[in-house]
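S.K.: Below: one structure in structure tokens.
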Amino acid sequence: MKPYIALGACMVALMPGCSTVSVNDQWRDPSFAGPPLSNVLVVGITRSDTMKRVFEDVFSQQLQAAGIRAERSYARLPQGATQLSLSDLKTTGIDGVLTTRVERVEQKVNVTPSGPSYGGFYGWYGSAWASTPDVHQYEVVTLETSVWDVKSEKLVWTVTTQGVRTNDLTQATKDLASTLIPKLKSEGVLR
């Protein structure tokens, strides 16, 4: 059975945007001996063509700026296609596939009480009843980014990251790339 990278099969949206990115969990295949991958196909897993293209364009540009050849999957897929076969990529010169998908989006609420004013007991007591807390709602986006070795058709590296949702997908993708690319290089996954 050929392994496939499904594009958007179960995704509603790719990364509505994360302003700052933190790495939660990371795994590297201990049997991956290299050589480091140097020609990567970038796959944004989403049902939105616009979000897919923005993500793949920006992440590919960031990889190229770091000295890694990178291609966008949307440029290789026929119109309406949703799958790529890793074994079909073996003759293209692509040696790695980087995929990113939304794992979950969580609603968070931060409540900061606003304290009563002081000035004696009655001033404090009276304003304690009138004070209202500051309430800030936001979303935390958890992404899963994985790298596949085309030659072995195996997963060689995967990470989950979190960030606060933002509407600037371009900047969010740059933030993700600037967090992940140095890690991928330092671990010998990318050249």
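S.K.: Identify all residues within region 29-51 that are crowded, with 17+ Cβ neighbours inside 10 Å and outside any loop (DSSP other than H, G, I, E, B); write none if there are none.
M.R.: Of everything in region 29-51, those that are crowded, with 17+ Cβ neighbours inside 10 Å and outside any loop (DSSP other than H, G, I, E, B) turn out to be Leu37, Asn39, Val40, Leu41, Val42, Val43, Gly44, Met51.
S.K.: Determine if region 66-77 includes at least one residue that is at pLDDT below 95, farther than 27 Å from Gly93 by Cβ, surrounded by 14 or more Cβ atoms within 10 Å (Cβ to Cβ) and under 16 Å from the mean Cα position of the chain (by Cα).
M.R.: No, region 66-77 has no match at all.
S.K.: May I ask you to verify whether Arg101 is under 18 Å from Ala172 (Cβ atoms), surrounded by 12 or more Cβ atoms within 10 Å (Cβ to Cβ) and either modelled with pLDDT of 95 or more or within 15 Å of the chain's Cα centre (by Cα) (or both)?
M.R.: Spelling it out, Arg101 is indeed under 18 Å from Ala172 (Cβ atoms), surrounded by 12 or more Cβ atoms within 10 Å (Cβ to Cβ) and either modelled with pLDDT of 95 or more or within 15 Å of the chain's Cα centre (by Cα) (or both).
S.K.: Could you tell me whether Val54 is under 18 Å from Ala172 (Cβ atoms), in contact with a Leu (Cβ under 6 Å, 6 or more places away or on another chain), surrounded by fewer than 21 Cβ atoms within 10 Å (Cβ to Cβ) and modelled with pLDDT of 90 or more?
M.R.: In short, yes.
S.K.: Go through (1) crowded, with 17+ Cβ neighbours inside 10 Å; (2) touching a strand residue (DSSP E or B) at 6+ places or on another chain (Cβ under 8 Å); (3) modelled with pLDDT of 85 or more one by one and return the number of the condition Glu187 breaks.
M.R.: (1)
The values are calculated or read from the model by the stated rules, or taken from the named source; none is laboratory data. Owing to the predicted nature of the structure, the values given are computational and were not obtained by experimental measurement. A quick note on method: Cβ atoms are made from the backbone with ideal geometry, for glycine too, and the neighbour counts reach across all protein chains shown.
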